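Chemist: One structure is given below, represented as structure tokens, and several questions about it will come after.
The values are calculated or read from the model by the stated rules, or taken from the named source; none is laboratory data. Everything numeric in this text was worked out from a predicted model, so none of it was measured. With ideal geometry, Cβ positions are generated from the backbone for all residues, glycine too; neighbour counts draw on all protein chains shown. Just the protein is used for accessible areas: all its heavy atoms, side chains included, with ligands, DNA and RNA removed. Shrake-Rupley method; radii C 1.70, N 1.55, O 1.52, S 1.80 Å.
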Amino acid sequence: MKILLLGKNGQVGQELLGALTTSEVIALGRDEADLGDQASVTQALRHHSPDIIINAAAYTAVDKAESDEAAAMQVNATAVGWMADYARRHNVLLVHYSTDYVFDGLKKQAYTEDDTTHPQSVYGRSKRAGEQAIIDSGCQALIFRTSWVYSVHGGNFVKTMIRLAKERDTVSIVTDQIGAPTSARHIADITAQAISAWAAGRLRAGIYHLTAAGETSWHGLATHVVRRMLARMDEGRASIAPLKLQLENIKPTTTENYPLPAKRPKNSRLDTGTLSAALNVRMPHWSVDVDAVVDRLIEDDT
């Protein structure tokens, strides 16, 4: 199978390059396929004639989107529609990534794929519009909703906490938003398995929730990251300078006390039971990959 990967430089895109080892992968970045330019996207698709399109590109500046709605909609919805139209006309599979932000976060339990969407931010609306563009096209597609993505690449909360632990002696972190931190590597690995299952007729096209298992708050994640750093230092496995930030100085705060332009869902939990059963896999607890990424980052920093 020939796979065309768009968004090769993003967190998920970089991990997909290591996960899709059994296929021919052509990976493009913004310079080679500009999602703001229909001719650029169409030319890339026509030139490479893929069997599968993976769209790992997205407008992810959640707060900036509130004042830049046109750009967010262009990348997350309009360009996705172009891909979906091509996929339908050429009978190829489109793999696309969406987000917990398509929900309002008011449900008490984890969201299932069948729950009604109700995005509360421009970013969430743009991602839901991308989902709808794919559905309306009628193409064969795997849409993976995920949440709280991090990796050793790019900018993300885990990397930010590692930096803050070295620079600050006190931080305040939101404790009333709940979700499952999910590594880009986990997303990439499950994507590869899902593509194989789809090709073998064992996985139907549709929307699936793809996150790690378990749940925590942003405050819980921050505490876990710093605790892991301290443990590795105690074991002599990391020679970084003593941390300025200690566990007792990671202060809990609320969403209301930490206002941001874009509204965040307080409940970002996504039920992954459908995908787990279809692939016969057990999603790892969120802490497993967090530990691996923290270890990698502090080792690279020594």
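Chemist: How many residues are touching a His at 6+ places or on another chain (Cβ under 9 Å), of a type in the set (A, V, I, L, M, F, W, C) and not in a helix (DSSP H, G or I) when one looks only at the range 278-302?
Modeler: Residues flagged as touching a His at 6+ places or on another chain (Cβ under 9 Å), of a type in the set (A, V, I, L, M, F, W, C) and not in a helix (DSSP H, G or I) within the range 278-302 amount to 1.
Chemist: Against the condition acidic (Asp, Glu), out of contact with any helix residue (DSSP H, G or I) (no Cβ under 7 Å at 6 or more places or on another chain), more than 20 Å from Ala199 (Cβ to Cβ) and open to solvent by 40 Å² or more (accessible area, probe 1.4 Å), how does Asp51 come out, does it pass?
Modeler: Spelling it out, it is not the case that Asp51 is acidic (Asp, Glu), out of contact with any helix residue (DSSP H, G or I) (no Cβ under 7 Å at 6 or more places or on another chain), more than 20 Å from Ala199 (Cβ to Cβ) and open to solvent by 40 Å² or more (accessible area, probe 1.4 Å).
Chemist: Tell me, which residue of the range 217-238 that is of a type in the set (D, E, K, R) and outside any helix (DSSP H, G or I) is least open to solvent (accessible area, probe 1.4 Å)?
Modeler: Per the criteria, the residue is Glu235.
Chemist: Go through the range 253-277 and report how many residues are in a loop (DSSP other than H, G, I, E, B), under 19 Å from Gly214 (Cβ atoms) and out of contact with any Gly (no Cβ under 8 Å at 6 or more places or on another chain).
Modeler: Residues flagged as in a loop (DSSP other than H, G, I, E, B), under 19 Å from Gly214 (Cβ atoms) and out of contact with any Gly (no Cβ under 8 Å at 6 or more places or on another chain) within the range 253-277 amount to 2.
Chemist: Just give me the residues in the range 7-17 being out of contact with any helix residue (DSSP H, G or I) (no Cβ under 7 Å at 6 or more places or on another chain) and not polar (S, T, N, Q), in sequence order.
Modeler: Scanning the range 7-17 gives Gly10, Gly13, Leu17.
Here is a yes/no grid of residues against (1) surrounded by 21 or more Cβ atoms within 10 Å (Cβ to Cβ); (2) touching a helix residue (DSSP H, G or I) at 6+ places or on another chain (Cβ under 7 Å):
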position	(1), (2)
His96	yes, yes
Lys108	no, no
Val122	yes, yes
Ser126	yes, yes
Ala129	no, yes
Ile135	no, no
Arg145	yes, yes
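Chemist: Follow-up question, since we're still on this one. State yes or no: is Tyr101 among the hydroxyl-bearing types (Ser, Thr, Tyr), in contact with a Lys or Arg (Cβ under 7 Å, 6 or more places away or on another chain), open to solvent by 10 Å² or more (accessible area, probe 1.4 Å) and within 27 Å of Gly179 (Cβ to Cβ)?
Modeler: So Tyr101 fits the description; yes.
Chemist: Being open to solvent by 20 Å² or more (accessible area, probe 1.4 Å) and not in a loop (DSSP other than H, G, I, E, B) is the filter; apply it to the range 174-185 and report the residue that is nearest to Thr223 (Cα to Cα).
Modeler: If we filter the range 174-185 for residues that are open to solvent by 20 Å² or more (accessible area, probe 1.4 Å), which is where we start, we get 175-176, 178, 185.
The next check asks that each one be not in a loop (DSSP other than H, G, I, E, B); those that pass are 178, 185.
Values: Ile178: 14, Arg185: 22 Å.
Looking at residues that are open to solvent by 20 Å² or more (accessible area, probe 1.4 Å) and not in a loop (DSSP other than H, G, I, E, B), I get Ile178.
Chemist: If you check Val41 against the conditions, is it under 20 Å from the mean Cα position of the chain (by Cα), assigned to a helix (DSSP H, G or I) and of a type outside the set (Asp, Glu)?
Modeler: no
Chemist: Under 6 Å by Cβ, and 6 or more places apart or on different chains, what pairs join a residue from the range 44-57 that is touching a residue at least 60 places away in the same chain (Cβ under 8 Å) and farther than 15 Å from Gly29 by Cβ with one that is in a strand (DSSP E or B) and among the β-branched types (Val, Ile, Thr)?
Modeler: As it stands, the answer is Ile52/Ile3, since those pairs meet every condition given.
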